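For reference, the structure discussed in these notes is given below.
The values are calculated or read from the model by the stated rules, or taken from the named source; none is laboratory data. From a predicted model like this one, the values you see are computed outputs, not experimental measurements. Every residue, glycine among them, receives a Cβ derived from its backbone with ideal geometry; neighbour counts consider all protein chains shown. The protein model used for the area step is the full one, side chains on, heavy atoms only, and it has no ligands, DNA or RNA in it. Shrake-Rupley method; radii C 1.70, N 1.55, O 1.52, S 1.80 Å.
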Amino acid sequence: MLIRKIPAYYYEKSNLIRLVLFTAFFDLIFINIYKPFSSLTWYPVSEFKFFIFSSLVILTGVLAVAISRVIMYFYTKKHTLNYLEYGIWIVLEIFFLSTFYTVYSCFLRPERDVMETFWEASENTSLILLLPYAILMLYFSWRDKEQKLQMLEEMKGDTGGTSVISFRDEKGELRLSIKHSNLLYIESADNYVQIWYLNKGVVTKFMLRNTLKAMEETFEGTNVLRCHRSYMVNFEHVKVIRREKDGVYLEFGVEKVPDIPISKTYSEKVTHWFMCYSSSNE
């Protein structure tokens with residue numbers, strides 16, 4: 001369980017932004033109602049001044065979370081996180097924020113015991129991070145399942161006996177629907193993917209703001225398979241796997257479609273799948 005990859009929606013840019021904003025909002029309310037870290041004893045102020053003061057403290061803490069999630073966003077472009085690594089990441093966020101609040105508290109009140117302050121800060125930091133994180137993870141999971149169910153319902157519809165694939169952007173908005181047999185391949189392009197498909201026999205490109213990781217989850221269990229860090233292909237159109245000195249390539253049976261490389265990471269899986277798929281369709 002711990003070594004399973006976390007879903008791609010955990011680190012989609014839009015969801016990371018939601019996480020930072022919701023955490024800031026949640027923490028601002030939490031710290032003004034619960035008043036952790038013995039904050040009222042730092043110095044006597046009115047409720048309004050305490051609100052301003054706490055807002056500045058929360059802003060600093062959320063800035064740290066934002067930096068952490070920006071690092072995560074760029075890190076996951078080339079690597080995948082499993083549940084254990086994601087848990088360690090959150091523990092480190094709690095540790096660094098607790099250290100910050102400890103230093104800040106002891107600066108305002110030098111007589112406080114450092115270790116006692118740190119453990120108190122750790123307990124409260126865990127609350128102000130884990131609670132909004134848990135709420136958002138449940139929401140993201142529910143939203144992802146709703147989108148997948150909706151997509152499955154749409155794919156059940158027939159157009160001349162051929163299933164239809166619906167492509168959505170990172171916000172879940174429907175952007176493109178095409179016949180499964182018309183899809184050729186999907187190519188990664190920074191924060192976008194390029195969907196290459198046949199439109200009246202002509203090879204056509206459509207740009208969609210989403211990630212290839214999200215596409216990979218969407219097409220799990222189908223004949224649209226990832227073969228490279230930058231490519232997913234519809235094996236319905238793959239005719240040949242060719243090995244050259246510089247690598248292995250997929251050849252399509254469609255004019256003007258370039259050969260797609262297979263990386264070593266996916267080579268064995270793709271080759272095995274292609275052999276099985278080809279045999280089952282003979």
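Data overview
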read-out: Among (1) assigned to a helix (DSSP H, G or I); (2) open to solvent by less than 70 Å² (accessible area, probe 1.4 Å); (3) within 21 Å of P7 (Cα to Cα) - the single one T271 does not satisfy; value: (3)
read-out: Cβ pairs under 7 Å, 6+ apart, first in segment 47-71 and at pLDDT 85 or above, second β-branched (V, I, T) and open to solvent by 10 Å² or more (accessible area, probe 1.4 Å); value: V65/V20; A66/V20; R69/V20
read-out: Filter result for the condition that a residue is assigned to a helix (DSSP H, G or I) and surrounded by fewer than 16 Cβ atoms within 10 Å (Cβ to Cβ), over E111, E146; value: E146
read-out: V257 vs. criteria in contact with a Lys or Arg (Cβ under 9 Å, 6 or more places away or on another chain), touching a residue at least 40 places away in the same chain (Cβ under 8 Å) and open to solvent by less than 40 Å² (accessible area, probe 1.4 Å); value: no
read-out: Matching residues in segment 208-248 - criterion: being in contact with a strand residue (DSSP E or B) (Cβ under 6 Å, 6 or more places away or on another chain) and among the small types (G, A, S); value: S230, G247
read-out: Residue list for segment 188-199, filter: surrounded by 14 or more Cβ atoms within 10 Å (Cβ to Cβ), under 18 Å from the mean Cα position of the chain (by Cα) and touching a residue at least 24 places away in the same chain (Cβ under 8 Å); value: S188
read-out: Candidate set: segment 149-167, residues that are among the hydrophobic types (A, V, I, L, M, F, W, C) and surrounded by 13 or more Cβ atoms within 10 Å (Cβ to Cβ); chosen: the one modelled with the lowest pLDDT; value: M155
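Residue-by-condition table, conditions (1) in a helix (DSSP H, G or I); (2) closer than 20 Å to V57 by Cα; (3) open to solvent by 20 Å² or more (accessible area, probe 1.4 Å); (4) free of Cβ contacts under 8 Å to residues at least 40 places away in the same chain:
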residue	(1), (2), (3), (4)
F96	yes, yes, yes, yes
T102	yes, yes, no, yes
M115	yes, no, yes, yes
W119	yes, yes, yes, yes
L129	yes, yes, no, no
P132	yes, yes, no, no
M137	yes, no, yes, no
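So that you can scan it fast, the table gives a plain yes or no per residue for (1) surrounded by 15 or more Cβ atoms within 10 Å (Cβ to Cβ); (2) without any contact (Cβ under 8 Å) to a residue 40 or more places away in the chain; (3) closer than 19 Å to F74 by Cα:
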{"position": "L183", "(1), (2), (3)": "yes, no, no"}
{"position": "I186", "(1), (2), (3)": "yes, no, no"}
{"position": "G201", "(1), (2), (3)": "no, yes, no"}
{"position": "M207", "(1), (2), (3)": "no, yes, no"}
{"position": "L212", "(1), (2), (3)": "yes, yes, yes"}
{"position": "T218", "(1), (2), (3)": "yes, no, no"}
